[in-house]
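These notes concern the structure reproduced below.
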Amino acid sequence: MATTEKSLERRDFLSKLAQTGLVIAIGTTSVRRLEAADRLSRGLLASPDGAWQPSVYLRIADDGAVTIICHRSEMGQGIRTGMAMVIADELGCDYNAITLEQGLGDNKYGSQNTDGSTSMRNGAYDTMRLAGATARVLLEASAAAEWGVDASSVSTKNGVVSHAASGRSLPFGKLVARARTLPVPAKPALKSESQFTMIGKMVPGIDLMNVLTGKAIYGQDAKMPGMKIAVILHPPVYGSKVESFDASAALKVKGVEQVIEIPGTPPPSAFFPLGGVAVIASSTWAAIQGREKLKVKWSASPNDSYDSVAYRKELEGSVRAEGKTVRNLGDAPAALGGKKVEAEYYAPHLAHAPMEPPAAVASVKGDKCEAWACTQNPQAARDTIAGYLKLKPENVDVHVTLLGGAFGRKSKPDYVVEAAFLSQKIGTPVKVVWTREDDLGVGYPHTVSMQRLEATMDAGGKITAWRHRIASPPIPSIFAPGQEYHSDDELALGVLDMPYEIPNVRVEVGKAPAHVRIGWFRSVSNVPQAFAIASFMDELAHAAGKDPLEFLMQSLGPDRILDMNATGALKPVGNYGAKWEDHPNDTSRHKRVLQAVAREAGWGRKLPKGEGLGIAVHRSFLTYVASVVHVKVSPKGKVTIPRVDIAMDCGYAVHPDRVRSQCEGAVIMSLSNAMTSELSFKNGRAVQTNFNAYKVVRMAQAPRVIKVHIINSGGPMGGVGEPGVPPVAPAFANAIFAATGKRLRTLPIGDQLAKA
């Protein structure tokens, strides 16, 4: 399709497509939701005057209209729906008549960082239940006073308070005036699980109709009157900066209006912009064309020689030498003196690659800034803008659009800061658009990792000693200089909290300096660490002559709560921000998901030649997940995946449909990491800068069937968005071994089997 300066907007294109006769509509929505989306598109988020707001998360107008304020970001995980479900259940309002408003960055909401699989377990469930219950108790008390009856004899449902004994009822709107005068209860009674009509049930997504009809507003859709578009040429190597540039050819491109240099931030750059040269234009296409004609001389960088192949050898040397001890239980070096099994595992950098690259629009007027962005953390965006532009944080408003995927990338607000800086420079609103090449080439890659494991076993196959060496550039390297060793927080992701019953354990970290902006990625260091540990457990099972499932169950030992003060860790072991006494490491829950997934996948059945089943288990983000992957490998090394089973124990699934979809997405992402995805560097620059080279699993490679098995164990609530990723890749690698006898320890597998 020819593209011109007056080409169709994405929304207009969708509208015209619908006119061709294919319209798909699922679920229901309300007029209020559509009006809310319209207000969002026009930047009108002002609350109606006089509405009763018994909680910062809930507002009820005099006509009974219920508005919920969502303080976490929606990126497909369903948090907006989950919050609406929870409040609707506790309050007793009509779910389909709820208006959902997105909260801007504000400390009054507590943490708004939509990261770490915390939104429901930390940010929504208890908070929203309390908000709904508070309003319900006040409305019931108002109705009881109106009728002269006891408050315990009335109840709410579908926005109405009723007294069953007399048949009387009143809508919320008739009770708001009295309710606002009553004292707020300190501990309102919460409903029991048996009273839930929505929590734990299948419920249509609150944004579904808007998404399907093109009314949903993403970062790439946000607009402001008089807005200009900016595309930025960033330094191709981390630590480089602009020495000089020639914009003459760029300024001749139709639609290009200005070319502005953005000051760079030397490493460690945290969330501040890398710098570069911005092309300001009347359209995205003009800005992109102008950028292509820029001539920029870049300064030298200490990272100019960064080469993934050479760096792997550096990491290999690091894990083959003695490192800094971070966990020392018993005497592993002495116990490893006999016959041992040893292996090394490599996982490359990964890119977040959300379908929607970063985008933000900002307007700076005097000492105030207003921004709209697909951000996971509007508070961090607000504070970073304020620091970069030297504004007061309270003078910066950051609104949150829907996010077209994120996976951790959009919690780093450098792109929002770029928009604010450019708006301040030119005096009009500016929208910064990152292209896919920007997203992959100059983002915050997930860390590269090399791990060496050694173990010995007794005659019965019980592990007697275990040594684990890791060399991996740490995330803290983006915040402070001299950070060259895997951090304690990263080691707490499957290594320091490893559940297996082993009397002698030594964990060491080797030096691994960072050469790019290392950023957290979906499931963070659980990804390479689960791959190494779960693959090695499979290797040990085969070395012991045992079935892998049997070996895992044996190695977990008796059902028990692990004493996290007796692991040999030299510092307290982190637990995803939770207390160990509230969220213990429970081996019975590891076993439960293993048994469930094995049963559902038909573990142990005889398969034809060239087929295999692999199994793995991992605890992350306070949730227990096990996976079985079934593979077929042709004589020429082509891999197909008939089925993947995944069992998740997150304690309690508030919205089972979203839990299933999160697990399904985790399977595809983890298989991409295992099969095809790799971000490598040459001369300091990313080699893969689009999906033709940075490959994610295509439909033909995806599992034919994905089965998700949710276990509501009644345990404390864990996360959902990230825990599904870690065990799938090792289960896949273990299945390859079961099918072929070939052990693959380097990700992605690419064409390794074809060459073997």
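Since every read-out is calculated from the coordinates, none of them should be taken as a lab result. Quick caveat, the model's predicted, so the values are computed rather than measured. Don't worry about glycine lacking a Cβ; one is built from the backbone with ideal geometry, like all the others, and counts go over all protein chains shown.
Taking the centroid of alpha carbons for each part, segment 482-521 and segment 210-228 are 41 Å apart.
Tell me, rounded to the nearest percent, the portion of alpha carbon pairs in segment 386-473 spaced more than 22 Å apart. More than 22 Å apart: 55 percent of the Cα pairs in segment 386-473.
Rounded to the nearest 20 debye, the dipole size of the chain about its Cα centre is 1440 debye, using +1 on the Cβ of Lys and Arg and -1 on the Cβ of Asp and Glu.
Convert 10 °C to kelvin, take the viscosity as 1.306 mPa s, use the Kirkwood radius over C-alpha pairs of segment 592-744 as Rh, and evaluate the Stokes-Einstein diffusion coefficient in µm²/s, rounded to a whole number.
Approximately 99 µm²/s, per Stokes-Einstein.
In the chain, a dipole from Cβ-located charges (positive for Lys and Arg, negative for Asp and Glu) runs towards its positive end, and of A514, A351, V629 it is V629 whose Cα lies farthest in that direction.
Each listed q (0.22, 0.26, 0.29, 0.31 Å⁻¹) maps to a log10 I(q)/I(0) for segment 221-269, found by the Debye formula over equal Cα scatterers with no solvent: -0.95, -1.07, -1.18, -1.27.
Look at the dipole of the chain built from charges on Cβ: of Y306, V326, G577, the Cα furthest out on the positive end belongs to Y306. Ignoring aspartates and glutamates fewer than eight residues from K295 along the same chain, the ones with Cα atoms less than 15 angstrom from its Cα are E243, D246, E261.
Qualifying trypsin sites (Lys or Arg not before Pro) in segment 236-323, where qualification requires a DSSP coil assignment and no more than 14 other C-beta atoms within 10 Å, comprise K252, K254, R320.
Amide H contacts for E101 (H built 1.01 Å from N in the peptide plane; partners 5 or more residues away or on another chain; cut-off under 5 Å): I68, I69, C70.
Can you classify segment 106-233 as rounded, prolate or oblate using the Cα gyration tensor, where a ≥ b ≥ c are the square roots of its eigenvalues, rounded means a/c under 1.5, and otherwise it's prolate if a/b beats b/c and oblate if not?
On the way: a/c = 2.26, a/b = 2.12, b/c = 1.06.
Prolate, because a/c is 1.5 or more and a/b exceeds b/c.
Here the chain carries DSSP beta bridges of which approximately 75% are antiparallel, counting only pairs with both residues inside.
In the chain, the sites counted are GluC sites (Glu not before Pro) in DSSP loop states with at most 12 other Cβ atoms within 10 Å, and the longest stretch holding none of them, exclusive of the sites, is 10-321. Residue order for R180, R129, fewest other beta carbons within 10 angstrom first, comes to R180, R129. Placing pseudo-labels 7 Å out from each Cα toward the beta carbon at F196 and V184 gives an inter-label distance of 2.5 nm. Restricting the calculation to alpha carbons of segment 31-212 gives Rg and Dmax of 16.1, 49 angstrom. The overall shape of segment 603-693 is oblate: from the C-alpha gyration tensor, with semi-axes ordered a ≥ b ≥ c, the ratio a/c is 1.5 or greater and a/b is no larger than b/c.
Between the amide H of V398 and those of G105, A371, distances stay under 5 Å, these residues lying 5 or more places away or on another chain, with hydrogens modeled in the peptide plane.
Within the same chain, aspartates and glutamates fewer than 8 places from K695 are excluded, and of the rest, those with a Cα less than 15 Å from its Cα are E437, D439, E678, D751.
Only Lys, Arg, Asp and Glu count, each charged at its Cβ (+1, +1, -1, -1), so figure out the dipole size of segment 31-212 about its Cα centre, rounded to 20 debye. Intermediate results must be reported in sequence, preceding the final value.
Numbers: 19 positive and 18 negative charges, 27 e Å.
The calculation lands at about 120 debye.
Straight-line cross-link reach from K215 at under 25 Å between alpha-carbon atoms covers these lysines, not counting any fewer than eight positions away in the same chain: K6, K16, K223, K228, K410, K431. Per residue, the convex hull spanned by the alpha carbons of segment 275-317 comes to 122 Å³. Computed from the Cα positions only, the extents of segment 168-230 along the three principal axes stand at 55, 33, 27 Å, in decreasing order. Ranking T740, T127, P727 by Cα position along the charge dipole of the chain, where only Lys, Arg, Asp and Glu carry charges on their C-beta atoms, puts T740 farthest toward the positive end. When both segment 108-154 and segment 680-737 are represented by their alpha-carbon centers, they are found 37 Å apart. The HN-Hα couplings worked out from phi for segment 727-736 by the Karplus form 6.51 cos²θ - 1.76 cosθ + 1.60 (θ = phi - 60°) are x, 6, 4, x, 4, 5, 4, 5, 5, 4 Hz, whole numbers, x standing for Gly and Pro. Taken one residue at a time, the phi angles of segment 560-571 give Karplus couplings (6.51, -1.76, 1.60, θ = phi - 60°) of 6, 8, 5, 7, 6, 9, 10, 8, x, 5, 6, 9 Hz. Gly and Pro are set to x. Summing +1 for each Lys or Arg and -1 for each Asp or Glu among the other residues whose beta-carbon sits under 13 angstrom from that of G741 gives 0. Taking segment 465-617 on its own, what percent of its Cα-Cα pair distances exceed 21 Å? Above the 21 Å cut-off, segment 465-617 has 52 percent of its Cα pairs. Magnitude of the charge dipole for segment 699-756, about its Cα centre and with charges confined to Cβ atoms of Lys, Arg (+1) and Asp, Glu (-1), is about 260 debye. Sorted largest first, the spans of the alpha carbon positions of the chain along the three principal axes are 80, 77, 53 Å. Database remark: amide H of H709 closer than 5 angstrom to the amide H of I646, A647, M648 (H placed geometrically; neighbours at sequence offset of 5 or more, or on other chains; Pro and chain starts carry no H).
Is there a pair in K313/K571; K571/K682; K638/K707; K340/K591 whose C-alpha atoms are over 32 Å apart, and which pairs would that be? From K313/K571; K571/K682; K638/K707; K340/K591, over 32 Å: K571/K682.
As an exercise, identify the trypsin sites (Lys or Arg not before Pro) in segment 370-470 lying in DSSP coil whose Cβ has no more than 13 other Cβ atoms within 10 Å.
Hits after loop and neighbour filter: K390.
Measure out, as a whole number of angstrom, how far apart the alpha-carbon centroids of segment 345-406 and segment 578-646 sit. Rounded to whole Å, the Cα centres lie 37 Å apart. Looking at segment 31-212 alone, DSSP beta bridges between its own residues are antiparallel in about 75 percent of cases.
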